[in-house]
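First the structure, in the form of structure tokens, and then the observations on it.
The values are calculated or read from the model by the stated rules, or taken from the named source; none is laboratory data. Quick caveat: nothing in here was measured; it's all calculated off a predicted structure. So basically every Cβ, Gly included, is an ideal-geometry build from the backbone, and we count neighbours across all protein chains shown.
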Amino acid sequence: MYAAAAGIQYELKSGEHLRVVAQYFGFGSLEPILQHPDNQALLSQRGGVDGLRGGDIVTIPEGTAGKKDLAPGRGHVLTVTRARPCPPRARFAGTRGDTAAHVQAHG
């Protein structure tokens, strides 16, 4: 990954689909990445998202700044300032195969 003014330059790995990359960076869909102006030429050249290959570099846009009400009339507001990678999910098991939460709660 390389930092850029308009977003993050991300090099796709072999076999990696852009949908997984979008989720990793916290996007609920591919649209913000597909619509980014820096990605238009590559997507056109490859015939769309399914034509992307390992080694292709796509721009991951900064998160869309703005506000969204979480619950009508409650005043809860979420402000998005930039996309951040989501940590990978892992399931840890104890020595007996118990999950970490079970091990912690039941020793």
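Annotation: of all residues in the stretch 11-59 being in contact (Cβ under 8 Å) with a residue 12 or more places away in the chain, β-branched (V, I, T) and part of a helix (DSSP H, G or I), the one that is surrounded by the fewest Cβ atoms within 10 Å (Cβ to Cβ) is V49.
Scanning the stretch 28-58 for residues that are among the acidic types (D, E) and closer than 17 Å to Q9 by Cβ turns up D38, D56. State which residue is farthest from the chain's Cα centre (by Cα) when the search covers only the stretch 39-69 and only residues that are at pLDDT below 95 and acidic (D, E). Looking at the filtered set, the residue picked out is D69. Once the stretch 1-31 is narrowed to residues that are at pLDDT below 90 and among the hydroxyl-bearing types (S, T, Y), the residue that is nearest to G51 (Cα to Cα) is S29.
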